[in-house]
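The values are calculated or read from the model by the stated rules, or taken from the named source; none is laboratory data. Quantities reported herein were computed from a predicted structural model and do not represent experimental measurements. Ideal geometry is used to build each Cβ from the backbone, glycine not excepted, and the neighbour counts take in all protein chains shown. All accessible areas refer to the heavy atoms of the entire protein, side chains included, with ligands and DNA or RNA removed. Shrake-Rupley method; radii C 1.70, N 1.55, O 1.52, S 1.80 Å.
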Amino acid sequence: MPPVAFITPSEIDLTQVVADQEQIRRFNPQRFEMEQLSAIVHIDTEQNLIIGYKDIAEDEFWCRGHIPGFPLMPGVLICEVAAQLCSYFCQAVRLVPDGFLGFGGMEDVRFRGQVRPGDRLVIVGKAQRLHRRQTIFDTQGFVDDAMVYHGRIIGVPIVSPSGSQTADQNGS
């Protein structure tokens, strides 16, 4: 049985973009095929809640081989979308000022439906623990009104040797 949704998907206003892909790049270091967030549509620092989405395109790098003729978004990439959402939240609240939040682990992950090209995967994250050494977010993913994913994402800080996360922030 899936957990109770943090927010009813139909209540989410997907038209009010708080951060587009360019703004997400200011906080998250992933680029090219590994950029998995299309937009952030809600961030609430009092409730430690963040909502974003990934529009699944027909030409995603995994479509050709997972599964030919019936492409399904790999579960590991759904988890990556959730992790990038959580990382964005931690950067937005300046939890890791000299780096970014990286994957520390996953717990209680379940997939309950398919995510396919043409879908919009809406991810909701709610921080359960925010600490500079470790964060824990409960996350849920929806396609339309159906919960297709839920799991706990554990994040740890990653600091680059130069103390910056991307070339953009270095002025390059």
Margin query: Out of the total accessible area of segment 12-73 (probe 1.4 Å, heavy atoms of protein only), what percent is carbon and sulfur?
Written below: 51 percent
Notebook entry, point to check: Can you tell me the accessible area per residue over the chain, all protein chains present, probe 1.4 angstrom, in square angstrom?
Noted result: 52 Å²
Checklist line | Within segment 124-149, backbone nitrogen closer than 17 Å to the virtual label 7 Å beyond the Cα of Met1 toward Cβ | finding: 147
Item checked: Alpha carbon convex hull of the chain, volume per residue in cubic angstrom -> 120 Å³
Item checked: Cβ charges +1 (Lys, Arg) and -1 (Asp, Glu), total dipole of the chain, debye -> 580 debye
Margin query: Let me check against my output: what whole-number percent is the relative contact order of the chain, with C-alpha pairs under 8 Å and at least 6 apart?
Written below: 23 percent
Check: Mind checking the angle between helix 75-92 and the chain's longest principal axis? C-alpha axes, 0 to 90 degrees, to the nearest 10.
Finding: 40 degrees
Notebook entry, point to check: By how many nm would the segment from Asp59 to Asp108 grow when fully extended, if each residue of separation counts as 0.36 nm and the alpha-carbon distance is taken off?
Noted result: 14.6 nm
Next item on the list: Would you please give the residues with an amide H less than 5 Å from that of Val148, counting only those at least 5 places away or on a separate chain, with H modeled from the backbone geometry?
Entry: Gly141, Phe142, Val143
Notebook entry, point to check: Do the sum for the chain: with -39,500 (n - 2.57) for every DSSP H run of n ≥ 4, divided by all residues, what is the mean residue ellipticity at 222 nm, to the nearest 500 deg cm²/dmol?
Noted result: -4500 deg cm²/dmol
Note to self: Can you compute the modelled spin-label distance between Phe70 and Ile12, with each label point 7 Å from Cα toward Cβ, in nm?
What the structure shows: 2.6 nm
Margin query: Compute and list, largest first, the equivalent-ellipsoid semi-axes of segment 46-109 from the alpha carbon gyration tensor, each √(5λ) rounded to a whole angstrom.
Written below: 28, 12, 11
Note to self: Classify segment 1-81 from the C-alpha gyration tensor, please: rounded if a/c falls under 1.5, else prolate or oblate depending on whether a/b exceeds b/c.
What the structure shows: oblate
Checklist line | Approximate spin-label separation Gln134-Arg94, in nm, with each point projected 7 Å along Cα-to-Cβ | finding: 2.6 nm
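About its Cα centre, how strong a charge dipole does segment 1-61 have in debye, to the nearest 20, once Lys and Arg get +1 and Asp and Glu get -1 at the Cβ?
In debye, rounded to 20, segment 1-61 gives about 240.
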Notebook entry, point to check: How far is the Cα center of segment 17-58 from the Cα center of segment 117-151, in Å?
Noted result: 12 Å
